[in-house]
There are 2 protein chains.
Amino acid sequence: MPSHAEKNQGSLVIVGLGPGKREYMTARALKAIASAEYVLGHAGYLGPLEPLLTGKNVISSSMGKEVDRAKQAIELARSHAVAIVSGGDAGVYGMASIVLEVLEHSGDLINVEVIPGVTAANAAASRAGSPLSGDFAVISLSDLLTPLEVIEKRLDAFFSVGIPVVLYNPKSRGRPHNFALAVEHARKYLAGTTPVAIVRNALRDDEETIITTLGEIEASVEKIDMHTTVIIGGSESRIWRMGDNVKGIITPRGYHRKYVY
Amino acid sequence: MPSHAEKNQGSLVIVGLGPGKREYMTARALKAIASAEYVLGHAGYLGPLEPLLTGKNVISSSMGKEVDRAKQAIELARSHAVAIVSGGDAGVYGMASIVLEVLEHSGDLINVEVIPGVTAANAAASRAGSPLSGDFAVISLSDLLTPLEVIEKRLDAFFSVGIPVVLYNPKSRGRPHNFALAVEHARKYLAGTTPVAIVRNALRDDEETIITTLGEIEASVEKIDMHTTVIIGGSESRIWRMGDNVKGIITPRGYHRKYVY
């Protein structure tokens, strides 16, 4: 009976929540959660969704449990509408890849959709002027899933061509020294005057943005934690001032080569 | 009189609209437009906003007029609430940098805010599985504002470390050959089996996604236009299949090195 089969047909959405507050989620993400019977995610991301979760089956789990969470989501999605949530964009250091990997491995032919969100690079950049206006690179300093020598090689490649670099996971308890290492690599190629933005809790409560330089960054290092995104400017980036106030970083797009203003 | 001064105090928001449809805008972006007296932007981005623009002063201009548009926005923002809109994220090849540059140059102390949006890299990636799960780089192939030799050097740096690379402006009338050049650089470092996603009109009407490989990309080149984002996978990226169907690209996050699933 087709109608019975259809009823048992589940679905899976992998939802990027953006920076955290509901006003920075897309309407599509809100709707996907509203349509779900089950919502799975890291406890820290489910909190701000609370009012949307009434009457739903909510399964929260802790960091480090991503593989188990993916398996559970797929198990449930065989016969239910399931949403698995991820901070920022689900496709950038988020749940999308592990869910799709586990799904492929399972052989289940479940209907799956990835819903994008505002990733930390763009959220942090918006609080620091326009540091990522042109080409840029994104790298995680966590060596939990990527060997440290690979991270170092990539940092060298990025800094050597003078593009702004966004550091995800710049520092955490397990790897306090990787940030100092990244700064060392940056200094091989970039002047001490290169601007750096340290953005903690971008677009969330207790947001804090520090604009400093590569030469003076040690003075702000203790501000960096796992809720921080760091943007190291490129060779063309400069401090943005309004009057006497440092407001952020501008990486000019190149219009100055074509126009007078 | 302070109240008079306050009344004359304008404001400027630089709004990232995301991929184009309203459901992929953030609530914050919608609110910023609702609060504006003047809305400025490229005609192509203002269309989908139409129902939100009733009763507002709408100033649309064409591509290539970014500097004039920025100047006009700042002029108006001296005494009005002004929103200037940008596709995707305003900070990524968008209006943020040029507006802030012109604003700084003008010396006006106008209240300015950048509102982030879902950038094309993340929108396109969400339609192609999870190609950007780990570190990645973003580069525009337009040599209008960046010299071609700089673009080529950056492409080499990115491809040489095996990360996925997102190509903005992969092809347009003025520069049809830059895409072939990028492919040439990619082939110096990456196998012909490296997956490539060609995403046209991501999350808009007439969306089309092609999953191919670096070795076979010539067969799909005529699909690429200025509404297309191309993602060239990294050395660890692979085709994602469900049953016999090619569904997209997965760049594994590295869990396979730590877990069995």
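The values are calculated or read from the model by the stated rules, or taken from the named source; none is laboratory data. All figures in this text were calculated on a predicted structure; none of them were measured in a lab. Note that we place each Cβ from the backbone using ideal geometry, even for glycine, and neighbour counts take in every protein chain shown. Side chains included, ligands, DNA and RNA excluded: accessible areas come from the protein's heavy atoms. Shrake-Rupley method; radii C 1.70, N 1.55, O 1.52, S 1.80 Å.
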Taking segment A:44-67 and keeping only residues that are surrounded by 12 or more Cβ atoms within 10 Å (Cβ to Cβ), closer than 13 Å to A:Ser86 by Cβ and of a type in the set (A, V, I, L, M), one is left with A:Leu46, A:Leu49
With criteria (1) in contact with a strand residue (DSSP E or B) (Cβ under 6 Å, 6 or more places away or on another chain); (2) part of a strand (DSSP E or B); (3) away from chain A (no Cβ under 11 Å), B:Ser60 comes up short on (1)
Checked segment B:81-116 for anything at positive phi and not in a loop (DSSP other than H, G, I, E, B); matches are B:Gly88
Taking segment B:203-261 and keeping only residues that are among the small types (Gly, Ala, Ser), more than 7 Å from chain A (Cβ to nearest Cβ), under 21 Å from B:Ser160 (Cβ atoms) and open to solvent by less than 40 Å² (accessible area, probe 1.4 Å), one is left with B:Gly233, B:Gly234, B:Ser237
Those residues of segment A:134-152 which are facing another protein chain (nearest Cβ under 7 Å) and among the aliphatic types (A, V, I, L, M) amount to A:Ala137, A:Val138, A:Ile139, A:Leu145
Among (1) farther than 23 Å from A:Lys247 by Cβ; (2) among the small types (Gly, Ala, Ser); (3) at pLDDT 95 or above, A:Ser142 falls short only on (3)
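Out of all the residues in segment A:100-146, which are hydroxyl-bearing (Ser, Thr, Tyr) and over 30 Å from A:Ser160 (Cα atoms)?
A:Ser106, the sole residue that qualifies.
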- Task: Within segment A:33-42, identify whether any single residue is part of a helix (DSSP H, G or I) and without any contact (Cβ under 8 Å) to a residue 40 or more places away in the chain, and answer yes or no.
- Result: yes
Residue count, segment A:101-133, condition touching a residue at least 24 places away in the same chain (Cβ under 8 Å), at the interface with chain B (Cβ under 7 Å from one of its Cβ atoms) and aliphatic (A, V, I, L, M), comes to 7
Expected single match for over 17 Å from the mean Cα position of the chain (by Cα), at pLDDT 95 or above, open to solvent by less than 10 Å² (accessible area, probe 1.4 Å) and among the small types (Gly, Ala, Ser) among B:Ala70, B:Ala96 is B:Ala70
A careful count of residues in segment A:102-132 that are open to solvent by 10 Å² or more (accessible area, probe 1.4 Å), of a type outside the set (A, V, I, L, M, F, W, C) and over 16 Å from the mean Cα position of the chain (by Cα) gives 7
If we ask which residues in segment B:158-168 are part of a loop (DSSP other than H, G, I, E, B) and either buried (at least 24 other Cβ atoms within 10 Å of the Cβ) or more than 11 Å from every other protein chain (Cβ to nearest Cβ) (or both), their number turns out to be 2
